[in-house]
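Each reported figure results from applying straightforward, stated rules to the coordinates on display, with no laboratory input. Treat the numbers as computed from the prediction; the structure is a model and nothing was measured. When we count neighbours, we look across all protein chains shown, and the Cβ atoms used for this are built from the backbone with ideal geometry, even at glycine.
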Amino acid sequence: MKKNTLIISIILLAIIGCQKSTGIKEGRKDIDRKVDSVLNLMTLEEKIGQMNQYNGFWDVTGPVPSDGDAAKKYEHLRKGLVGSMLNVRGVANVKKVQKIAVEESRLGIPLIIGFDVIHGYETQSPIPIAESASWDLEAIKKSAAMAAKEAAAAGINWTFAPMVDISRDPRWGRVMEGAGEDTFLGSKIAVARVKGFQGEDLSSPATLAACAKHFAAYGFAESGKDYNTVDVGTSTLYNTILPPFKAAKDADVKTFMNAFNELNGIPATGNAFLQREILKGRWNFKGFVVSDWGSIMEMMAHGYVKDKKDAADLAVKAGSDMDMESYAYINELAELVNDGSVKESLIDDAVRRILKVKFELGLFEDPYKYCNEEREKSVIGSKEIQEAALDIAKKSIVLLKNENKVLPLKKSGQKIALIGGLAADKNSPLGSWRLAAKDNSAISVLEGMQKYKENELIYAEGASVAVGATNFINEVQVNLTDTSKFNKAIEAAKKSDVVVMVLGEVGFQSGEARSSTSLDLPGIQQELLEAVYQVNKNIVLVLNNGRPLTINWAEMNIPAIVEAWQLGSQTGNAVAQVLYGDYNPSGKLPMTFPRSVGQIPIYYNYKNTGRPGPKKEVFWSHYQDETNKPLYPFGYGLSYTTFSYNDIQVSTQGKNVKVIVNVTNTGEVEGKEVVQLYIRDMIASVTRPVKELKGFELITLKPKETKTVTFTLTEKELGFFNNTGAFIVEPGEFKVFVGGSSDTSLETSFDFL
Ligand code: NOJ
């Protein structure tokens, strides 16, 4: 049969299966029928082809294997031996490969096109850790929806996001890509992002299939070194690491990505306990699992398998359905099936999962659904997308310090010096996952501030952060010596009323493979800060960075500090609006800021230990040269107004516990506050942390206004996982804390019966 005739018959089968569908259950059965009808037509080679994902020929987001030549990839596309491509973007490019797959291969099965749409496609919204600081789930969802809309208009239909890895280690550069250190917040954000990307209708040309990654425990790499060994106990695995993945699964995320790391001696990619027992077993996940880039073959380097054949064998048995850039499945699986080592039913299971997502995306109905040039032109960079990026950028900013009301800045009659290597930078605000963004396309802080014309603005760079060009693939060279521009900056500071200094990390200093042993301001920026401080102490420090930094000196000496992360395309506008008070900052830290690297891992929900303190003698859990306290705790962030918390009350009604608190705006301007609720389970069969976030609400209060906030705690919030992974709820005493940060002391308690 000719291929075109065949594809028509596939589609016909699909449509026949579709006709009488009623309700979700029926719809699912329909898709299962369609999947089976396609599967029945496939040869073993074609099935394995569906499990094969190739990198495209334009962008590279990992080390390229030597056998990755383009000619072979085109040939495989023609033979129906490719199920997916990543890093092919733009309608024209996607159409080109899709056309080969659909019109030249025997069965014409469409490709699923993956891309790292992490916080935007061409338009970047804030990096994920920044967005998480908004604690605004609606805004986060909208941001993901906008990213999906833009990426889908460029031919993409699958994003490798959200990264839901919890991490307590800011040395790990990928904390920029996650939701921070907390499981409760991280789970809520995981759901918001999945729903944002996937929308209500996955087959719409404005949504993408999402991917919860990296399964699992990638954020717990020893010493914060990327790709490093992970060794965590069951309590941490079940209570801290897995819940955001489970939340993503429950939100119907279509795919998972496994991880580069080993977990307790077994590489995640070959880990049947994680993928078969937990994900596809206990959780009944019906989507598919893609490997991380080359992670199947990397099991050789782990010392877990001897060759690629062994790697393919173990990976498929462990539940990895699609091979990203290892060339292991395409080269080895057929032989493994033929010699009886791998059952064909395992292959069928993987292919079913992959085809199912393709059907759900509507690719069989119209493989060019995401390839409309008109849409591409009108959607990418549109006003709607830019506005949403600005909205979440403002919401992501965290005010860390504001002494003497230095902020907000007066709008007129001021001489302002704007100093710092990042002040005029139009590239760094885009972050490191900004593959499809145009270089230097962000609005810089300088440009944002220039819009406030009634002040005099003097810009002086002071010191560049990096030397030479920076990119995704190569190490950033930090400026360690060139102080030649210091003097100009010092002169500008001398004659100014206020100095705004924009310091921190360039975009490629955080992200994948960007681990650091120092969290100080990189290079000579601290020196510059202190030199400027000598001549003008009225400084606003604006931080641009992808991870918590150790800024103790600044905290002690600089009157105002603003955490502005890498806020994406609209950075300058967002920062300027906050500095001038047109937006009252409301962000709260999703990750603890340490005082020193030696405190890491430092996180708010630590365990009490058998020797808590402080004590007079030395015999308690502490450091002799540093306090146990962080520089800024999880959940912390100020506003241009102040809030007071009063009248905490708790009442139990059966298995529900109600916690009520009054929150008042005690300042002069309207403001938003993230009201946070923490619990402590005092005695448990597996010890519990001293505090655990279990609720939060974002409220807006006018000056002097009071609102009553009510939280309801159920068994879901009060229980925990024991060391077998069973969720249990134990009666006993609980403390409850409410406030504007994890450091709150307003507390009460109740007995749960
Ligand atoms: C490796 C990264 O770990 C993963 O998160 C990403 O999605 C893939 N590369 C594809 O670029």
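Brief remarks on what is shown
- Counted by Cβ distance under 10 Å from Gly294, the other residues give a net charge of -4, where Lys and Arg count +1 and Asp and Glu count -1.
- Here the label points at Phe273 and Ser382, each 7 Å from Cα along the C-beta direction, are separated by 4.8 nm in the simple model.
- Förster radius 60 Å - calculated FRET efficiency between Glu670 and Asp349 (Cβ-Cβ, nearest 0.05): 0.60
- Placed amide H near Gly546: partners under 5 Å, 5+ positions off or other chain: Glu505
- Placing unit charges on the Cβ atoms of the charged side chains and taking the dipole of region 381-590 about its Cα centre, the candidate lying farthest along the positive direction among Ser496, Ala436, Gln566 is Ser496.
- Each part reduced to its alpha carbon centroid, region 194-260 and region 68-123 end up 24 Å apart.
- Förster radius 45 Å - calculated FRET efficiency between Lys72 and Glu715 (Cβ-Cβ, nearest 0.05): 0.25
- Relative contact order computed over region 643-752 (Cα-Cα under 8 Å; 6+ residues apart), in percent: 31
- Measuring nothing but how far apart in sequence close Cα pairs (under 8 Å, 6+ apart) lie, relative to its length, region 308-411 scores a relative contact order of 19 percent.
- Here's the picture: a label point sits 7 Å out from the Cα of Asn331 along the beta-carbon direction, and within region 31-65 the residues with their amide nitrogen under 15 Å of it are 52-55, 64-65.
- Kyte-Doolittle mean at least 1.6, axial Cα span of 18 Å or more - DSSP H helices of the chain: 3-18
- Counting every C-alpha pair in the chain, the share spaced more than 36 angstrom apart comes to 44%.
- From the alpha carbon centroid of region 609-646 to that of region 353-420 is 35 Å.
- When the Cα gyration tensor is reduced to axis lengths a ≥ b ≥ c, the ratio a/c is 1.5 or higher for region 403-507, and with a/b not above b/c it is classed as oblate.
- Normalised per residue, the volume of the convex hull around the Cα set of region 99-248 (Å³): 128
- Distance between the modelled labels on Glu747 and Glu365, one decimal in nanometres: 5.4 nm (7 Å Cα→Cβ projection).
- Rh by Kirkwood over Cα pairs, then Stokes-Einstein D for region 381-590 at 1.002 mPa s and 20 °C, µm²/s: 127
- Dipole magnitude for region 643-752: about 140 debye, using +1 per Lys or Arg Cβ and -1 per Asp or Glu Cβ, origin at the Cα centre.
- Taking amide H as placed 1.01 Å from N in the peptide plane, the amide H of Ile458 sits under 5 Å from that of Ile416, Ala417, Leu418, each at least 5 places away or on another chain.
- The chain: antiparallel DSSP beta bridges as a percent of all, rounded to 5: 55
- Descending semi-axes in whole angstrom, ellipsoid equivalent of region 300-345, from the Cα gyration tensor: 16, 11, 10
- Neighbour net charge for Gln386 - beta-carbon separation under 11 angstrom, K R +1, D E -1: -4
- Put in order of Cβ neighbour count within 10 Å, fewest first, the listed residues Asp169, Asp250 become Asp250, Asp169.
- Förster radius 30 Å - calculated FRET efficiency between Ile660 and Asn608 (Cβ-Cβ, nearest 0.05): 0.65
- Per DSSP, loop chymotrypsin sites (Phe, Trp or Tyr not before Pro) in region 40-126 with at most 14 further Cβ within 10 Å: Trp58
- Positive-end residue of Thr641, Asn656, Phe711, charge dipole of region 641-712 with Cβ unit charges: Asn656
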